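The values are calculated or read from the model by the stated rules, or taken from the named source; none is laboratory data. These numbers were taken from a predicted model, which means no experiment stands behind them. When we count neighbours, we look across all protein chains shown, and the Cβ atoms used for this are built from the backbone with ideal geometry, even at glycine. Side chains included, ligands, DNA and RNA excluded: accessible areas come from the protein's heavy atoms. Shrake-Rupley method; radii C 1.70, N 1.55, O 1.52, S 1.80 Å.
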Amino acid sequence: PVKLFSKGVVTGYRRGQRNQDSYISLIKIEGVTTKADVDIYLGKRVAYVYRGQKSSKNKITKRDTKLRVIWGKIRRAHGSSGAVRASFRTNLPPKAIGATVRVMLYPSRL
Amino acid sequence: KEIGGDKNGGSRIVPTQRESRYYPTEDVRRRLANRKKPGMAKLRSSITPGTVLILLAGAHRGKRVVFLRQLNSGLLLVTGPYKINGVPLRRIPQCYAIATSTHIDVSDVTIPEQCIINEAYFKGEPKKKKRSEDMFEETQDDKKPREQRIKDQKTVDDQILPKISGVSHLKKYLSSLFSLRKG
């Protein structure tokens, strides 16, 4: 069993004080505290994994599972303290705020 | 086409293919053919033949494999070697691999031509569609790899394995998995 992702937390959507753009989520990646550290994460794919009530068949592994994913990608840094902006294929649901997100290591530039 | 009946002129020219009776009211625009084809992806400077790569996704994620060469489609050809970590001769996209600084000399390793030239070599066998008579028969899915693949795997691995055994700890390294840990 290998962990090939970094953990991140969804802190909310991009927003002004009174309006928010729910198509861009803000993510705080574990261990990343400055804008300079964000560089390695740019472009990386992000997965918001959650559970549903009914199990459905995963098309790739062909197994029945209750886990579901929303895939996204890290677009750019957000601010100077290491937060990051990500956009997902479908917008993250509000219940994802505060939830863990997986920041994968691919597409890799190393 | 010959036509019977008097006074009909005896024969007429008739189109062999008739136009369809239905056609849309406005002319439907034909989409332009997409002629773009992906070129060969530029190989990262950190990846050279013999580099040990870490696979990031797929069935073999976390495994460390030996990079052999880049194929014409841009994908990378790697091998476990199979004996060490169960990764066969396989293609992977560059963005799903991390290059490590570990290196083996594979300059004198010859790879069977088939693997390089013919990418269809790597594609799986297309599933045979069951015909209605066969529907009720239990067919055994043949999961074994093709003879040719086993043979080629052996050819390549036999050249690489002695080089790996030559470097201390490399065999253990290749059989271990990569994982992110705390910090």
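Observations on the structure shown:
- Single residue of A:Gly98, A:Gly12, A:Gly31 found to be assigned to a loop (DSSP other than H, G, I, E, B), within 17 Å of the chain's Cα centre (by Cα) and more than 23 Å from B:Ser179 (Cβ to Cβ): A:Gly98
- Residue within region A:53-60 that is open to solvent by 40 Å² or more (accessible area, probe 1.4 Å), modelled with pLDDT of 90 or more and under 28 Å from A:Thr11 (Cβ atoms) present: no
- Residue list for region A:25-37, filter: within 14 Å of chain B (Cβ to nearest Cβ), open to solvent by less than 80 Å² (accessible area, probe 1.4 Å) and not small (Gly, Ala, Ser): A:Ile29, A:Val32, A:Asp37
- From the list A:Lys7, A:Lys73, the lone residue that is under 24 Å from B:Arg181 (Cα atoms), open to solvent by 70 Å² or more (accessible area, probe 1.4 Å), in a strand (DSSP E or B) and in contact with an Asp or Glu (Cβ under 9 Å, 6 or more places away or on another chain) is A:Lys7.
- Restricting region B:1-59 to residues that are closer than 30 Å to B:Arg91 by Cβ and modelled with pLDDT under 75, the residue that is surrounded by the most Cβ atoms within 10 Å (Cβ to Cβ): B:Gly39
- Hey, A:Ser22 part of a strand (DSSP E or B), surrounded by fewer than 16 Cβ atoms within 10 Å (Cβ to Cβ) and at pLDDT below 90 or not: no
- Long-range neighbours under 8 Å by Cβ, at least six apart or interchain, first residue within 14 Å of chain B (Cβ to nearest Cβ) within region A:1-21, second open to solvent by 60 Å² or more (accessible area, probe 1.4 Å) and basic (Lys, Arg): A:Val2/B:Arg61; A:Lys3/B:Arg181; A:Leu4/B:Arg61; A:Phe5/A:Arg102; A:Ser6/A:Arg102; A:Lys7/A:Arg102; A:Gly8/A:Lys28; A:Gly8/A:Arg102
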